[in-house]
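Novice: Handing you this structure, nothing more for now.
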Amino acid sequence: MTQSLILAGGCFWCVEHDVKEAPGVLSVTSGYSGGETDNPTYENHKGHREVVLVAYDDEKTSYKKLLQFFIDHIDPTDDGGQFADRGESYRTAIYFENDEEKAIAEAVLTELDESHVYDKPHAVDVLPRKPFYKAEDYHQDYANKNPTHYNLYRVGSGREAFVNRTCQIREEKNIPWKE
C-alpha cells in the first residue's frame, strides 16, 4: 500500500535526489511545509522549510528504514541549516502524522545518538505534519534537469563529502542501523 512522509533536510534538490534512491520509494516531490502561510513560493516561503513529500510502498520498505536512509544523507547535528544553506528554511525535520510515526522517529534519533556516529547529539526536529505545498516546476527533479549545476552545488556545499564520510564512519566503526 502506498504511504507518504514529509522530510526536511536542507536543500530540497539534494534530499529529493538522494531519497529517490531508497528502496521502495515511488516518488519524491520537492516543496514547502511547516509554516502558517498558504501557497508559499521560493521567493516567499518564510516560516516554511524546504521539504520533500515521499510516496513509498510499505510492502517494500518501512517508515523506519526511510528515516534511517534520510538521516545518513543529511548532517543531523547541524541546528542552523544544512551545509551552505543556513536559516530556518533549511533546518532538518521529520514530520509525523500520528503517535506511532512520532515514536518511530524519536526511537531512530535516539539510536543515532547512542551509536556515536557523531560527536554531538542530533538537532533534527520531530514535528506534527502540516500541509505540503508543491514547489515550482523548475525545482522538481532538479538534479536530472540541471546535472552540471546540481553537481557543482552538491560538491561545493560540502554535502557530497559529508554523506560519503558518514558512510565510511558507519563501516569503519561497524555501526549498522537496527532493523
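Every number in this text was worked out from the coordinates using simple rules, so none of it is lab data. The model shown is predicted, which means the values in this text are computed figures rather than measured ones. Heads up, the Cβs are rebuilt from the backbone with ideal geometry, glycines too, and the neighbour counts pull from every protein chain shown.
Novice: For a quick protection proxy, order the peptides 27-37, 135-145, 164-174, 76-86 by their average other-Cβ count within 10 Å, most packed first.
Specialist: Final packing ranking: 27-37, 76-86, 135-145, 164-174.
Novice: About the Cα centre of region 2-172, how large is the charge dipole given +1 on each Lys and Arg Cβ and -1 on each Asp and Glu Cβ? Please answer in debye to the nearest 20.
Specialist: With Lys and Arg at +1 and Asp and Glu at -1, about 360 debye.
Novice: Which length gain, in nm to one decimal place, applies between Lys46 and Asp58 when the Cα-Cα distance is subtracted from 0.36 nm times their residue separation?
Specialist: 1.0 nm
Novice: Continuing with this model, one more query. If the cut-off is 17 Å between C-alpha atoms, which lysines fall inside it for Lys120, apart from same-chain ones fewer than 8 positions away?
Specialist: Lys173
Novice: Along Cα→Cβ, 7 Å out, is where each label goes; now give me the distance between the ones at Asn174 and Lys120 in nm to one decimal.
Specialist: 3.0
Novice: Which peptide among 39-45, 101-107 comes first, and what is the full order, when sorted by highest mean count of other Cβ atoms within 10 Å?
Specialist: 101-107, 39-45
Novice: Also: Multiply the residue separation of Thr148 and Asp79 by 0.36 nm, subtract the distance between their alpha-carbon atoms, and state the gained length in nm to one decimal.
Specialist: Value of the extension gain: 22.0 nm.
Novice: Please report Phe162, Phe69 as a ranked list, fewest other C-beta atoms within 10 angstrom at the top and most at the bottom.
Specialist: So the ranking, lowest neighbour count to highest, is Phe162, Phe69.
Novice: Let me ask something additional. Suppose R0 equals 30 Å. What FRET efficiency, 1/(1 + (r/R0)^6) with r the Cβ-Cβ distance, do Glu160 and Glu136 give to the nearest 0.05?
Specialist: The calculated FRET efficiency here is 0.75.
Novice: What are the ³J(HN,Hα) couplings of region 168-178, residue after residue, when phi is run through the Karplus curve with 6.51, -1.76, 1.60 and θ = phi - 60°? Round to Hz, x for glycine and proline.
Specialist: So the Karplus estimates, Gly and Pro as x, are 5, 4, 4, 5, 4, 8, 6, 10, x, 6, 6 Hz.
Novice: Where does the chain land on Rg/Rh, using Cα atoms and the Kirkwood Rh?
Specialist: So for the chain, dividing Rg by the Kirkwood Rh gives 0.94.
Novice: In whole Å, what is the distance between the alpha-carbon centres of region 1-57 and region 68-135?
Specialist: If we compute the Cα centre of each part, the gap is 13 Å.
Novice: Using modelled backbone amide H atoms (1.01 Å from N, in-plane), which distant-in-sequence or interchain residues come within less than 5 Å of Ala123's amide H?
Specialist: Thr77, Asp78
Novice: Only bridges whose two residues both fall in region 2-172 count here: according to DSSP, what percent of them are antiparallel, nearest 5? List each step's numbers first, then the result.
Specialist: Details: 22 of 26 bridges.
If I count the DSSP bridges inside region 2-172, around 85 percent turn out antiparallel.
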